[in-house]
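Heads up: the structure comes next, in structure tokens.
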Amino acid sequence: MASFDLITGNAVIGQSGGPTAVINQSLVGVVEGLRCGLQASGHVKRVLGMRHGVRGLTKGEFHDLTDMHQDVLDRLAMTPSAGLGSTRDKPDKAYCERVLEACRKHDVRYFFYIGGNDSSDTCRIVREMAVAIGYDMRCFHLPKTVDNDLKENDHTPGFPSAARFVAMASMSDFMDNISLPGIKINVVMGRHAGFLTAASALARRYDRSLNPETDGVSTDGPQLIYVPEVAFDIERFLADVDGIYSKKGRCHIVVSEGIQDKDGVAIGAKLIKNAQTDSHGNVQLSGSGALGDQLSDLIKEKLTPAGGKPPRVRADTFGYVQRCWPDASIIDRMEARRSGRFGATLAMRGEMDGSVAIKRPGTGSALWMGTDNGAPYVSEYARVELSAIAAKTRHMPEEFLLGHNNVSKRFIEYCLPLVGELPSFERF
């Protein structure tokens, strides 16, 4: 989209959706970018943080970030969770009209929203409404989601840190499993995309080539990984578990909360009795513990030998804890902050709207020790149309999948540079 002359007014910044370990880095990045650009030039008078996203905006509830000391900003950036408060509101046309009305009331000319695809859609709708009434306001979306499911992005801020947590938690859990053998199930976030669940594969040993095609994954846990992109068959699942458990006396499993059958029906919706639903009618999967419990009961029922004892089965649901764990990936911290600054740069360039996307240049995926061409891992930022992100979901590509219960070497090469250095453990 062509650039236009800069305008003068106030800027607002909001945070939406699930908080992450680095969403405040993006917030601070926008503030810093504005200070170096539009604020320094006099085009931005005040920088206002929306309390709980657009909900606070419509109520006139703000934190004034204009003169916040850099020391405070730096501490805020290192703080997990949404410092401004977040919201799950999914604005429709009437809601967006109230958002636009509030922007006009407070002379907002630059609108920044940090969040997922719904947040991008909010930016798109508000921008189109502003254009329709002749109100000049520029709207920019900053990416955020631990699910890593935004189109046009190589990966999204929040995902690398959550993936780091999942990898380390799975590593620890597998060590527990080989100490006191049994069947262990971990349920990981991801209603429609399996990236976060797939990150559990990073728990496998570093003194191997990490190639699932050749390394004999029945040795290292998790041995079984199930993501929403591959149809989940209950009978096949039971056979998978039985095949490993009967040989080793233990089995380590990681399952996405969004696993679904060949008809697209969530397994949780099929197994969980009297399941709660959210405001969008979706069965509550994350944090409920029910999917893990149901799969555990299923295994004990079907894999108990006649006249024998049921296998020892336990399940944990990682739930919200994986989003804001205070051990963020260093790459994630840097990229989240830079994406915020880039959003402010787009406004300074005179862009009317857009979403910031993180790209990984080159054609090869990066390996954990660098990239497959020997160069270090690098990322860059680009402006993409709001409509390319809004209300769309990215799924794991086929090249990241291996069979129906594993991930490929290509995924491991893709993910390892993002999570940072992981510990290594000795075992017999």
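Side notes on the structure shown:
- Applying the set (1) out of contact with any helix residue (DSSP H, G or I) (no Cβ under 7 Å at 6 or more places or on another chain); (2) surrounded by fewer than 20 Cβ atoms within 10 Å (Cβ to Cβ) to residue 56 leaves exactly one unmet item: (2).
- Enumeration of residues in segment 230-248 that are of a type outside the set (Phe, Trp, Tyr) and within 28 Å of the chain's Cα centre (by Cα): 230, 231, 233, 234
- Filter result (part of a helix (DSSP H, G or I) and of a type outside the set (Val, Ile, Thr)) within segment 113-132: 117, 118, 119, 120, 121, 123, 124, 127, 128, 129, 130, 132
- Annotation note: Cβ proximity below 9 Å between a residue of segment 344-361 that is on the phi > 0 side of the Ramachandran plot and part of a helix (DSSP H, G or I) and a residue that is at pLDDT 95 or above and β-branched (Val, Ile, Thr) (sequence gap 6+ or interchain) occurs for no pair.
- For segment 120-135, the criterion of being touching a Gly at 6+ places or on another chain (Cβ under 9 Å) and exposed (fewer than 15 other Cβ atoms within 10 Å of the Cβ) is met by none of the residues.
- Selection from segment 32-42 of residues that are part of a loop (DSSP other than H, G, I, E, B) and surrounded by 24 or more Cβ atoms within 10 Å (Cβ to Cβ): 38
- Number of positions in segment 174-198 that are under 30 Å from residue 17 (Cα atoms) and hydroxyl-bearing (Ser, Thr, Tyr): 1
- Members of segment 380-419 that are crowded, with 19+ Cβ neighbours inside 10 Å and part of a loop (DSSP other than H, G, I, E, B): 390, 394, 396, 405, 408
The values are calculated or read from the model by the stated rules, or taken from the named source; none is laboratory data. These figures come from a predicted structure and were not determined experimentally. Every residue, glycine among them, receives a Cβ derived from its backbone with ideal geometry; neighbour counts consider all protein chains shown.
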